[in-house]
Amino acid sequence: ETVYRHELPQNPDAPLEMRLKRPSQQLQDLLEAATTARPIPRKNAVGAIKVLCARGKNASSLAWTLGVLDALAAVLHDHTGPDPPVRRDRSPQGGSESQDSPGATSEPKAGGQYPRSPEDVAALVEARRRAVHCLRMMAEVKKNRRALLLHPRLAQGLVAVIKEDPREGRRDALATLAIMARTQVVRLGMVRVPQLLDTMADVLLLDVDERKPQDYEAKAAEGDTNLLHYKAPKVYSEDTNTENMEIRMGDFDQHGTNDESMKEACRRNVYALLLFLLKEKENAREIALHSDLLLSLTVAAPLFHFSLHPRAVSALAHLTRLPANAEHFSHRTSHPVLPTLQSCLRSPDPEGRLAAFHALQNVSAHERCRQTLANQEGVLQALCFALMHAEEEEEKRVAIGTLRNLADDPSTLLTFTLTPDCFATLMGTAYGDENEMMQYRACDALATLSHWCRQFSTHGVEKMYAKGEMGQIREEEKVSLPVLPSHQVMHWEQWR
């Protein structure tokens, strides 16, 4: 709070990062020009600050210089249109809007005469983009990221730029937020930035219908591998321990400046930001409950021809790591998350396909979701097909693990029985040449299914004897009734 009251701390023992430095006279003049000058001088002043940030360690020191962040935040909140801003929120009495209303746009200090000329509008837009670029360079320094998020206007200013600037401003603002999200303490508070998740969903849903090629649905149903026109770049690598997920950021500007490339770069940065946010389970719950963002992921994930398709599936997979999210996807949400994941099992991209398998394994690990997942059309067939024909060893391992989880629920026995070749696949894996762990899981699944079958049959026989439908049971026949497996043979502790 000391930072943003624009006061120097009185305590000389305050931490170094809390000791705001006073700007030099030249820097003070630039800050005043950036907040009060007319559009073209304002653009030049912000450009000068951008040049200073690019030199040496200035990006670190400028973030802790009095007034710098306030000046950049003021530029981000500028109204850049040629006409006066529209007042949206009205007072309850129907009078004029209050100046403190959150929906109001304050009158710009620079270029207050309307209508503005095209040169003035272009200068204000360029000033905004330069301010965003300054913040992006500051965010590269780890100790600056929390200060950028805690500033009362910076994060909302970046969201405003994302909403209003469809080109470089949006791309760099998303990149800035993604870089800030590398730090854990920043990730935890970022999802609470007003309208951030809504804006991310809007970017992902932009022109989504135009990204579907002709006859896409028919070709996807036939498993046409030509839908993937080019190899999707790797976004992150996940080892066996999902808690140590690593996300490698790529070059944000690698796709050129035409309209389609700019839209793809913006979506790429949204996915980078999203995958960083999902490293925290508190954020994962917030994102799973956000209807528009979940809709954008379920729409983008089945687009196999889309270069960012694996990232959408990966985001869904990391959402399912939280048991509450798995239950939400299975029983509560109206969005077709499970059908989307099932369709992604036939993705021609190995990364997207493996992420879909991991997602279904996460869902199957939650006991309340097993019946719903097993009854989802095509899931057991796809798992059995992968178990027999998948080229990747990891896909086979995840498939047998998912089948083993589903077998733990007695309500799935009928589904296993009605699925063609399901038992044959499990038996083939149990007696095949796979590694010992896969053989063990296949045997365990078969033993579990036989346990439920024996339990159902035993219960039925006992009820028939109780009703007298099979005559009186003799004493010697009581011993011959099937007995359940012991706890030493089958591990049923979790069900007791």
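The values are calculated or read from the model by the stated rules, or taken from the named source; none is laboratory data. It should be emphasised that the depicted structure is a prediction, and the values quoted were computed from it without experimental measurement. Reconstructed Cβ throughout: ideal geometry from the backbone, glycine too, with neighbour counts over all protein chains shown. Surface areas here come from the heavy atoms of the whole protein model, side chains and all, with no ligands, DNA or RNA. Shrake-Rupley method; radii C 1.70, N 1.55, O 1.52, S 1.80 Å.
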- Task: Among the residues of region 28-43, write down those that are crowded, with 18+ Cβ neighbours inside 10 Å and not basic (Lys, Arg).
- Result: Leu30, Leu31, Ala33, Ala34, Thr35, Ala37, Pro39
- Give the residues of region 285-306 that are open to solvent by 60 Å² or more (accessible area, probe 1.4 Å) and either touching a Gly at 6+ places or on another chain (Cβ under 6 Å) or not in a helix (DSSP H, G or I) (or both), sorted by residue number. Leu289
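Here is a yes/no grid of residues against (1) open to solvent by less than 10 Å² (accessible area, probe 1.4 Å); (2) under 19 Å from Asn325 (Cβ atoms); (3) hydrophobic (A, V, I, L, M, F, W, C); (4) at pLDDT 90 or above:
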position	(1), (2), (3), (4)
Gln342	no, yes, no, yes
Leu354	no, no, yes, yes
Val363	yes, yes, yes, yes
Leu373	yes, yes, yes, yes
Gln381	no, no, no, yes
His389	no, no, no, no
Ala399	yes, no, yes, yes
Ala407	yes, no, yes, yes
- Positions within region 54-69 being in a helix (DSSP H, G or I) and more than 31 Å from the chain's Cα centre (by Cα), in sequence order: Asn58, Ser61, Leu62, Val68
- Taking region 300-347 as the region of interest, how many residues are farther than 25 Å from Glu392 by Cα and either touching a helix residue (DSSP H, G or I) at 6+ places or on another chain (Cβ under 8 Å) or of a type in the set (Ser, Thr, Tyr) (or both)? 13
- Counting only helices (runs of 4 or more DSSP H) entirely within region 129-210, those with at least 1 residues that are touching a Ser or Thr at 6+ places or on another chain (Cβ under 8 Å) are 142-150, 154-164, 168-180, 196-204
- Search result, residues across region 49-64 that are buried (at least 17 other Cβ atoms within 10 Å of the Cβ) and without any contact (Cβ under 8 Å) to a residue 60 or more places away in the chain: Leu52
- Message: Looking for something polar (S, T, N, Q) and at pLDDT 75 or above - is there at least one such residue anywhere in region 37-56?
- Response: yes
- How many residues, within region 166-178, are closer than 14 Å to Arg146 by Cα and either of a type in the set (Phe, Trp, Tyr) or surrounded by fewer than 24 Cβ atoms within 10 Å (Cβ to Cβ) (or both)? 0
- Message: From the list Leu62, Leu8, exactly one residue is under 19 Å from Asn144 (Cα atoms) and at pLDDT 85 or above. Which is it?
- Response: Leu62
- Task: Could you tell me which numbered condition Ala181 fails, if it satisfies all but one of (1) out of contact with any Leu (no Cβ under 9 Å at 6 or more places or on another chain); (2) open to solvent by less than 20 Å² (accessible area, probe 1.4 Å)?
- Result: (1)
- Residue check, Lys163 surrounded by fewer than 19 Cβ atoms within 10 Å (Cβ to Cβ) and at pLDDT 80 or above: yes
- Item | Residue in region 419-434 that is most open to solvent (accessible area, probe 1.4 Å), counting only those that are modelled with pLDDT under 90 and farther than 16 Å from Ala386 by Cβ | Tyr431
- Message: Which of the numbered conditions does Met262 fail, given that it passes all the others? Conditions: (1) more than 22 Å from Val337 (Cα to Cα); (2) at pLDDT below 90; (3) open to solvent by less than 60 Å² (accessible area, probe 1.4 Å); (4) touching a Phe, Trp or Tyr at 6+ places or on another chain (Cβ under 8 Å).
- Response: (4)
- Query: What do you reckon, is Ser96 part of a helix (DSSP H, G or I) and at pLDDT below 85?
  - Reply: no
- Message: Please verify whether Ala221 is more than 13 Å from the chain's Cα centre (by Cα) and either surrounded by 15 or more Cβ atoms within 10 Å (Cβ to Cβ) or at pLDDT below 55 (or both), treating the condition exactly as stated.
- Response: yes
- Query: Condition test on Leu403, is it open to solvent by 70 Å² or more (accessible area, probe 1.4 Å) and within 36 Å of the chain's Cα centre (by Cα)?
  - Reply: no
- Message: Anything in region 335-380 that is among the polar types (S, T, N, Q) and touching a residue at least 40 places away in the same chain (Cβ under 8 Å)? List them, or say none.
- Response: Thr340, Gln342, Ser343, Ser347, Gln361, Asn362, Ser364, Gln371, Thr372, Asn375
